[in-house]
Every structure is written in C-alpha cells, then in structure tokens.
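Structure record follows, encoded as structure tokens.
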Amino acid sequence: MGNRPLDILNDALNTSVIVRLKGTREFRGILQGYDVHMNLVLEEAEELSEGEVVRKIGGVVIRGDNVVYVSP
Amino acid sequence: MGNRPLDILNDALNTSVIVRLKGTREFRGILQGYDVHMNLVLEEAEELSEGEVVRKIGGVVIRGDNVVYVSP
Amino acid sequence: MGNRPLDILNDALNTSVIVRLKGTREFRGILQGYDVHMNLVLEEAEELSEGEVVRKIGGVVIRGDNVVYVSP
Amino acid sequence: MGNRPLDILNDALNTSVIVRLKGTREFRGILQGYDVHMNLVLEEAEELSEGEVVRKIGGVVIRGDNVVYVSP
Amino acid sequence: MGNRPLDILNDALNTSVIVRLKGTREFRGILQGYDVHMNLVLEEAEELSEGEVVRKIGGVVIRGDNVVYVSP
Amino acid sequence: MGNRPLDILNDALNTSVIVRLKGTREFRGILQGYDVHMNLVLEEAEELSEGEVVRKIGGVVIRGDNVVYVSP
Amino acid sequence: MGNRPLDILNDALNTSVIVRLKGTREFRGILQGYDVHMNLVLEEAEELSEGEVVRKIGGVVIRGDNVVYVSP
C-alpha cells in the first residue's frame, strides 16, 4: 500500500498544513492531531477563501467527512 | 496520532465553543458533552448567521454529521 | 464525554422539543422515544416553516439522518 | 429510550401511513412491513406532490435512506 | 416487522418492476436479482424519463444507493 | 435472491460494459475487475457525455459510490 | 473478481496517475500510497481544472470519498 495516508498525516504532525474542505473553504494551521476518520486538530488555524485569510480561529477540530485533501 | 480530536473536545468541556455546521449555520455555546460521532451537547446556545445572533436556543443536541468544525 | 447527547435526549422524554431538519423543515412536539441513530418519535407534532405552523401531524417517526439538532 | 422508533412502526403495521421523502415526494398507503434501515413496504400506495395524488402505485418497497418521516 | 422489504423483492423475482432512482431517472424491467444493499439486476430494462422510454438497456446492475423505490 | 448483482458483474468480466455515474458522466470499457463496494476496473475506457466520446482514458479504477448502473 | 481495484492501485505505486474528484477538480501526481477507503497519497501533485494546471501542491493526502476515478 506504499506510504499509507494516515502515516503521511503522522509525519506532518507539528508542521504547517493546508486543509481543503468541500465547498470553497480552506484552512491553514499546525497539525496537532488526527484520527482514523481523518478528523483533524489544527492550532493557529486560519480560514481562507480564494487564497485570502477570512478568519483567524486559533484551535479547531475539523470533522473528517468535510475534508477533500490535506497538504503537508 | 498527536492530540486526538475527541481529546480536544474533552478538554473543551464546560467552556465556550463555536460550532460551524454545513451550510451557513453556526452555534456558540458551552460544550456540555459529545460522543464518538461528534454529536454535541451545548448549553446557553445561540444560533448565528454571518456573525449575527439569529436565535437563542438554550440547550441543544447537534447531530454530528452536520458539523464542519468545533473551535474551543 | 460530559453529558452525552443520547442522555440529554433521554432526559427530554415526555417533554416538548424542537427538532430542526436539514433544509428548512422544523418540528415541535412531545419527545416519546429515540434510538442510537437519533431516529425520533414525536407526539402532538407540528411542522413549522420559518416559525409558522404549516401542518399538524400528530404522531411521527423522524429518520435520524435528517436531524440537524434537537432542542429540549 | 421511551417508545422506540421501530416499535412505533410495528404498531402501525396494516394501518394507513404518510411517508415523506427527501425532496417533495410523499406517499400514502398501508404499511405492510419495514426493516432496521427503515426500508418500508406499502400497499395501495399513492404518490402525492403538494397534497395532490400524482400516481397510484399499488405495492411499493421504499429504500429507507430516502425517508424523512413516517406518520401513522 | 410484517412483510419485510427484501421478502417483497424476492416475491417479485422474474416479474416486471418499476425502479425509481434519485433524480428523475426510472427503469422498467424484469427483476432478476437483488442483494441486501438493494443492488438490483434487471433484464429487458428500459430507462424512462417522465414516462417516456429514453433508452433500451437490456441487462443492467443498479447500485442500491440510487434507489428511491421499487414497485412490483 | 435470484442472480445476485455481483455475480452478474463476474459474468461480465473481460467484456465491454457501460458504466453510468452520478451526474452526466458515463464510461464504456472492458470490465477487468470489481469488488464488493462496486469499485470497478475498466480497460480501454472512454468517457462519454451525452453519447459522445469526450476522453479516452485507457485503464481506470472507478470508486463504487459514484456508480448508478453497470450494463453488460 | 478479476483484477481487483486495490490491486490495480498497488501496481500503479510510484507511477504518475490522474485522480478525478467529485465536482470539477482533478489531480495529477505520483501515487505514493493508498488505503482501503481509497484515501490516496500523491507526490509532485498538480491540481487541474478543465485540463489547466491551477496549483502545484507537492505532497497531498486525498480523502477517498471525494474520488470519482484514478487512472494509472
């Protein structure tokens, strides 16, 4: 199965990631945790819309079923 | 897995959180409980739309599959 | 996990609740029962749209995956 | 859990029910059977749209994930 | 549970059925098989749109999650 | 259960099939494999839109939850 | 079951693939890993829209439920 998706998330812990959600929402933040559903924990998170920061959120728990991709 | 998503929810019990739902709905309230589906219990909850309070609800049980994110 | 969502529903048995569904539909009625999928049983139920009663239904079984929130 | 949703369906066997589906579709018919997914069997079923009978179907098996509510 | 939904499909084997799908698509054909997901096998199938035959398909395997109802 | 859906797919291995997806997309190709989720493997696949070939893809793995029907 | 879908993904490891997502998004990149949900890991990934590269992403973990097809 090569480098499994959750292993890649594990390698990305404590680094900055981009999280693209269904619709147009996107987050940038420090990946603090995840689980098997791809629920994610970000710190110092910013919500972006079309590349612009629209809101600073701080800590956030994202429900996995909204995720399109995570880019370390 | 770092700080797991449900652990973060546990740390947020009895504090104020923002809950963003699919669509444009958003809640602010005191997190009183949750379960593995990310079903949530809020007290002193307010429903917001585009940052404005549109309804005061008091206690509410939110079904987890509507949740986009929870921000402690 | 604090006060778990299904425990809150249990506490609300035989009292009046508001049930918000996906889309614009909303029900008000006496909560008679529920299960782990958040399927709900209401008695003396009324369907509301934008705060107005649009239909009196009496008893109704609501399938849980339509539920956004239940407010006791 | 009070009166559980499937028990209510059981009590409604062989009586006339209204079944509201996602979208605008609605059925009226005699409930002949159901299962844990809330798949339903109706006899003498009529499809309604905005309260008007648009088609008489006779017997029909409805897949549960389309159901919003069943009203005995 | 009365006459269970899958039993009704079993009784309908080798007879003509109407299969309504999500959206506007509808099939008419001889039910040759099914499984617990309500995946269906039709033979001599025709695709209809608003009551008109738009395509003759012959044999077809329909994935159950598209099904709204099956009418024997 | 008659001729079960996955048995029909098995009979169709190494023959040309049409695969209709949700939305307007459609594929034609040689069925090389499948699994219980109705994930499919096609070879010599062409993507069609309203009956016209819009792209030749060669080999392709289609995720089952997009499938409306497979016609051998 | 012929050549099973996940086996085809395994054969495609370390080669360039096209990943079509629901909506109009498409990725091209080197397949580095996958799992049973069809979650995918791409390296040197590019996001395309209507055949044009709109963003270079580098490494990316794609959540499987967004995938329409993977073409090796």
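The values are calculated or read from the model by the stated rules, or taken from the named source; none is laboratory data. None of the values given here were measured: they were computed from a predicted structure. So basically every Cβ, Gly included, is an ideal-geometry build from the backbone, and we count neighbours across all protein chains shown.
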Within the range C:1-40, considering residues that are surrounded by fewer than 20 Cβ atoms within 10 Å (Cβ to Cβ) and basic (Lys, Arg), the one farthest from residue C:51 (Cα to Cα): C:4
A careful count of residues in the range G:32-42 that are within 7 Å of another protein chain (Cβ to nearest Cβ) and either touching a Ser or Thr at 6+ places or on another chain (Cβ under 7 Å) or farther than 16 Å from residue G:6 by Cβ (or both) gives 0
With C:63, C:25 as the choices, which residue is facing chain D (nearest Cβ under 9 Å), within 21 Å of residue B:64 (Cβ to Cβ) and modelled with pLDDT under 95? C:25
Looking at C:21, C:48, which is the one that is closer than 16 Å to residue B:47 by Cβ, touching a helix residue (DSSP H, G or I) at 6+ places or on another chain (Cβ under 6 Å) and hydrophobic (A, V, I, L, M, F, W, C)? C:21
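Is it true that residue F:3 is in contact with a strand residue (DSSP E or B) (Cβ under 7 Å, 6 or more places away or on another chain), within 19 Å of residue E:57 (Cβ to Cβ), within 12 Å of chain G (Cβ to nearest Cβ) and not aromatic (Phe, Trp, Tyr)?
In short, no.
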Within the range A:48-57, does at least one residue satisfy the condition of being closer than 14 Å to residue B:9 by Cβ and either touching a strand residue (DSSP E or B) at 6+ places or on another chain (Cβ under 8 Å) or at pLDDT 95 or above (or both)? no
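Which of the residues spanning the range B:40-72 are among the charged types (D, E, K, R) and over 11 Å from the mean Cα position of the chain (by Cα)?
Taking the range B:40-72 as the starting set, the residues that turn out to be among the charged types (D, E, K, R) are B:43-44, B:46-47, B:50, B:52, B:55-56, B:63, B:65.
Answer for the range B:40-72, where residues must be among the charged types (D, E, K, R) and over 11 Å from the mean Cα position of the chain (by Cα): B:44, B:50, B:52, B:55, B:56, B:65.
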Over the range E:8-18, the set of residues within 20 Å of residue D:66 (Cα to Cα) and within 10 Å of chain F (Cβ to nearest Cβ) is E:9
Scan (1) on the phi > 0 side of the Ramachandran plot; (2) of a type outside the set (Gly, Ala, Ser); (3) touching a Pro at 6+ places or on another chain (Cβ under 6 Å) for the single condition residue C:35 breaks and write down its number. (1)
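Okay, residues lined up against (1) under 24 Å from residue F:23 (Cβ atoms); (2) not basic (Lys, Arg):
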{"site": "G:10", "(1), (2)": "no, yes"}
{"site": "G:17", "(1), (2)": "yes, yes"}
{"site": "G:21", "(1), (2)": "yes, yes"}
{"site": "G:25", "(1), (2)": "yes, no"}
{"site": "G:33", "(1), (2)": "no, yes"}
{"site": "G:43", "(1), (2)": "no, yes"}
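Quick check on residue G:68: is it among the hydrophobic types (A, V, I, L, M, F, W, C), at the interface with chain A (Cβ under 7 Å from one of its Cβ atoms) and either within 22 Å of residue F:25 (Cβ to Cβ) or surrounded by 20 or more Cβ atoms within 10 Å (Cβ to Cβ) (or both)?
Values: among the hydrophobic types (A, V, I, L, M, F, W, C): yes; at the interface with chain A (Cβ under 7 Å from one of its Cβ atoms): no; either within 22 Å of residue F:25 (Cβ to Cβ) or surrounded by 20 or more Cβ atoms within 10 Å (Cβ to Cβ) (or both): yes.
No: the conditions fail for residue G:68.
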Given the condition touching a Pro at 6+ places or on another chain (Cβ under 9 Å) and facing chain A (nearest Cβ under 9 Å), answer yes or no: does some residue in the range G:43-58 qualify? yes
